[in-house]
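Here's the structure, in structure tokens; my notes come after.
The values are calculated or read from the model by the stated rules, or taken from the named source; none is laboratory data. Keep in mind that this is a model prediction, so the values were computed, not measured. Neighbour counts are summed over all protein chains in view; Cβ atoms, including those assigned to glycine, are modelled from backbone coordinates with ideal geometry.
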Amino acid sequence: MAQHSAEILWQRGEQSFLDNRYSRAHLWRFDGGLEVPASSSPQVVPLPWSDASAVDPEEAFVASLSSCHMLWFLSLAAQQGFQVDYYQDQALGVMAKNAEGRLAMTEVLLRPRVCFGGERQPDAEQLHALHHRAHEACFIANSVKTEVRCEPVLE
């Protein structure tokens, strides 16, 4: 069993709190030493109580799904002898009411664009199969109720 951790730090400081007019800006610390500025989304909590330049949980959710898919895709492509030179995903998460009537990330659309080098190039069927296998293997996608779809951008 593998364990993964993150430290989340928020401090009130001198700001008011009980009037609900406090900064949602906080810090994410990871085991490798990286610190990431984080905040609520300005779409959820308006400025100035959010920090639009920081990562919000919804963005991080979408990014973690996209990143996990990409890492599996790269591994599977290498195993099959396809040299990936470039991978870009313009992933999009949709916040809407779920079946229980609560706001949730109800859908994440991955739109990877992959460029291959070398002599061996996957055809469209092989490319879709790689994405399908990557989706099935992705730990994060296997951990959520959100529908995660992948629509590769073909060159």
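Here are the numbers:
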| read-out | value |
| --- | --- |
| Candidate set: the range 65-86, residues that are touching a strand residue (DSSP E or B) at 6+ places or on another chain (Cβ under 6 Å), of a type outside the set (A, V, I, L, M) and crowded, with 17+ Cβ neighbours inside 10 Å; chosen: the one farthest from ARG120 (Cα to Cα) | SER66 |
| Residue in the range 119-134 that is more than 28 Å from VAL36 (Cβ to Cβ), within 20 Å of the chain's Cα centre (by Cα), exposed (fewer than 15 other Cβ atoms within 10 Å of the Cβ) and modelled with pLDDT of 95 or more present | yes |
| Some residue of the range 14-34 being modelled with pLDDT of 95 or more, touching a helix residue (DSSP H, G or I) at 6+ places or on another chain (Cβ under 9 Å), outside the structural domain of GLN90 (by TED's automatic domain parsing) and not β-branched (Val, Ile, Thr) | yes |
| Among the candidates GLN43, GLN15, residue that is assigned to a loop (DSSP other than H, G, I, E, B) and more than 23 Å from the chain's Cα centre (by Cα) | GLN15 |
| Odd one out for SER50 among (1) in a loop (DSSP other than H, G, I, E, B); (2) closer than 25 Å to SER143 by Cα | (2) |
| Tabulated pairs, the range 91-106, first loosely packed, with under 10 Cβ neighbours inside 10 Å, second hydrophobic (A, V, I, L, M, F, W, C) and assigned to a strand (DSSP E or B), C-beta under 7 angstrom, 6+ apart or interchain | none |
| Residue list for the range 18-40, restricted to those being in a loop (DSSP other than H, G, I, E, B) and surrounded by 15 or more Cβ atoms within 10 Å (Cβ to Cβ) | TYR22, SER23, ARG24, ALA25, SER39, SER40 |
| Failed item in (1) under 23 Å from LEU154 (Cα atoms); (2) part of a loop (DSSP other than H, G, I, E, B); (3) not charged (D, E, K, R), with LEU71 passing the rest | (2) |
| Residue count, the range 46-63 (criterion: within 17 Å of the chain's Cα centre (by Cα), of a type in the set (Gly, Ala, Ser) and crowded, with 18+ Cβ neighbours inside 10 Å) | 1 |
